[in-house]
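All remarks here apply to the structure that follows.
The values are calculated or read from the model by the stated rules, or taken from the named source; none is laboratory data. Note that the structure is predicted; figures quoted are calculated from it, not measured. Heads up, the Cβs are rebuilt from the backbone with ideal geometry, glycines too, and the neighbour counts pull from every protein chain shown.
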Amino acid sequence: MLKSIGRRVAAWIAAALMTVLLGVFFQTQNVLSRLSKIGGDISFADRISTYFYDLTHLGTLYGLFILIALLIAFLTAGLLHHFTKFGRPVIFAGAGGVAILVMLFAMREAFFNVHIIAGARDALGISLQVLSGAVGGFLFHHLTKKGGPKTAPLENVPETI
């Protein structure tokens, strides 16, 4: 039982980390794209360094919000799957996406009707954030499915030496 709980906690943290990595990437690139449309000269190196800056500064607080949102979403998705026996990957991916959508709008309400995630102030930005949550939800499903993630046995690997 404890092993199962530990695996689920690790999968929840991995899903949140994946969501943060993708969400911050999409956020950063969306903002920089809008800046370049109004005449900003943004090099590839600037895009990479800005992403890592945003990851270390925005990602920590955003990650905390994502952890909370995904915890609620995955608990709800687990209950939904238990009662419906419907496609588990779809339920968890959908739960991850909906969690991020709800979180973004809850954050907007809490912060005086302003989207504090700058890259999520338009439909494309919000959609990309929802996609990052869906990927995180799918990763959670994959890491927690019965039998765990499938890996190829070593005896099936061709000998190359």
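Data for the structure
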read-out: Total residues in region 69-119, condition closer than 28 Å to Tyr51 by Cα, touching a residue at least 12 places away in the same chain (Cβ under 8 Å) and assigned to a helix (DSSP H, G or I); value: 22
read-out: Hits in region 10-43 - residues which are of a type in the set (Val, Ile, Thr) and either surrounded by 18 or more Cβ atoms within 10 Å (Cβ to Cβ) or modelled with pLDDT under 95 (or both); value: Thr19, Val20, Val24, Thr28, Val31, Ile38, Ile42
read-out: Inter-residue pairs, beta-carbon under 9 Å, first touching a residue at least 40 places away in the same chain (Cβ under 8 Å) and closer than 10 Å to Thr50 by Cβ and in region 20-34, second crowded, with 18+ Cβ neighbours inside 10 Å and among the small types (Gly, Ala, Ser), 6+ apart; value: Thr28/Gly119; Gln29/Gly119; Val31/Gly119; Val31/Gly125
read-out: Among (1) closer than 18 Å to Val135 by Cα; (2) touching a Ser or Thr at 6+ places or on another chain (Cβ under 6 Å), the one test that Ile42 misses; value: (1)
read-out: Looking only at region 144-161, and only at residues there that are closer than 25 Å to Ala93 by Cβ and surrounded by fewer than 18 Cβ atoms within 10 Å (Cβ to Cβ), the one that is modelled with the highest pLDDT; value: Lys145
read-out: Breaking point among (1) assigned to a helix (DSSP H, G or I); (2) out of contact with any helix residue (DSSP H, G or I) (no Cβ under 6 Å at 6 or more places or on another chain); (3) farther than 21 Å from Ile116 by Cβ, for Arg8; value: (2)
read-out: Number of the exception - Leu124 against (1) crowded, with 19+ Cβ neighbours inside 10 Å; (2) touching a residue at least 60 places away in the same chain (Cβ under 8 Å); (3) out of contact with any Ser or Thr (no Cβ under 8 Å at 6 or more places or on another chain); value: (1)
read-out: Only listed residue being among the aromatic types (Phe, Trp, Tyr), part of a helix (DSSP H, G or I) and more than 25 Å from Gly94 (Cβ to Cβ), chosen from Tyr51, Tyr62; value: Tyr51
